[in-house]
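Scroll down for the structure; my scribbles are underneath it.
The values are calculated or read from the model by the stated rules, or taken from the named source; none is laboratory data. Quantities reported herein were computed from a predicted structural model and do not represent experimental measurements. Note that we place each Cβ from the backbone using ideal geometry, even for glycine, and neighbour counts take in every protein chain shown.
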Amino acid sequence: MNRFPRLRFSSIVGLVLICTGLTVAAAQKAEPAPITADSFKCIRDMSPVRGFYVSNLNGDLKGTLAAANATNGAVYPPGSVVQLVPGEVMVKREAGFNAATKDWEFFELTITPDGKSTIRTRGFVDVVNRFGGNCFACHVKARPEFDLICETDHGCDPIPLTPVMIKAIQKTDPRCGAPEELTAEEATMLKALQAAMTAKPSAS
Ligand code: HEC
C-alpha cells in the first residue's frame, strides 16, 4: 500500500513527460526551421544554373535543380533558394503559404564588407529593395510556366546589370571570404557600378 501509489504516480509522470516529448518532436518535424540571415551563405557554394545559383533549405536540391533545368519551366519545390546576387534571395515556402506570390518569399539582405549579413526586409507582394524596386511587381511578369523566375527572356522588365557585372558581384560576395580573381573587364565594370550606386540609386 505504501509503495504502489508512489510507483503509479511516477509512471504517470513518466508517461506525461514522454508524451510531451513526442508532441514537441512531432511539432518540430512538421515545422521547417525558421529562416534567418544565417540560412543564406556564400553564393558560390550554391549550385550554379546558367547565370544564377540555387540550393534547398529542406535538402531537396535534386528537386530544385530539376525545376531550374526544366526546358519549359517548372514549379520549384518547397525550400528552394534562388539567388542572382548576394543581397537578394527568393525562397519557395510550403504549398499554400502565399497564393499571390506562388509561395515565394522575397528577401533583401544587408551584407557588410567583412561578410556579416542581416535581413533588411522580407515578405511577399510588398517587399521593396533598397533601390525602390518591388520584387514581386517585376517577377510576376515572368510567363506563368516559369514560376516567377525572370532570367533574361521570361518576360520581366530588365535590371540594369550586365552579365559581366553580375559575374563580378558573384565573385566578390563578402560572405565567401577571399574574392575570386576578376578579369580586367569585370574589375572595370564593378568599379563603374560601385561609382554609379553611390552617385544615384538605380531601379534594379
Ligand atoms: C526591375 C525589376 C526587378 C526588381 C525590382 C527585382 N528583380 Fe529580381 N530579377 C529581375 C530580372 C530581370 C532578373 C534576371 C536578370 C538576369 O538574369 O540578368 C532577376 C533575377 C532575380 C533572381 C534570380 C532568378 C531569376 O528570377 O532570374 C532572384 C533570386 C531575384 N531576382 C530576386 C529578387 C528580389 C528578392 C528582389 C527584391 C528584393 C528583386 N529580385 C527585385 C527583375 C527584378
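General observations
- The set of residues from the range 115-156 being surrounded by 15 or more Cβ atoms within 10 Å (Cβ to Cβ), more than 6 Å from the ligand (Cβ to nearest atom), assigned to a loop (DSSP other than H, G, I, E, B) and within 16 Å of the chain's Cα centre (by Cα) comprises PHE124, ASP147, LEU148.
- Residue tally, condition of a type in the set (Asp, Glu) and part of a loop (DSSP other than H, G, I, E, B), over the range 157-194: 4
- Test set (1) away from the ligand (no atom under 11 Å from the Cβ); (2) in contact (Cβ under 8 Å) with a residue 60 or more places away in the chain; (3) touching a strand residue (DSSP E or B) at 6+ places or on another chain (Cβ under 8 Å) - CYS176 fails condition number: (3)
- Scanning the range 72-83 for residues that are farther than 24 Å from PRO34 by Cβ and within 14 Å of the ligand (Cβ to nearest atom) turns up GLY73, ALA74.
- Qualifying residue in the range 93-108 (condition: closer than 30 Å to GLU185 by Cα, more than 11 Å from the ligand (Cβ to nearest atom) and loosely packed, with under 15 Cβ neighbours inside 10 Å): no
- Conditions (1) within 11 Å of the ligand (Cβ to nearest atom); (2) at pLDDT 95 or above: number failed by PRO160: (2)
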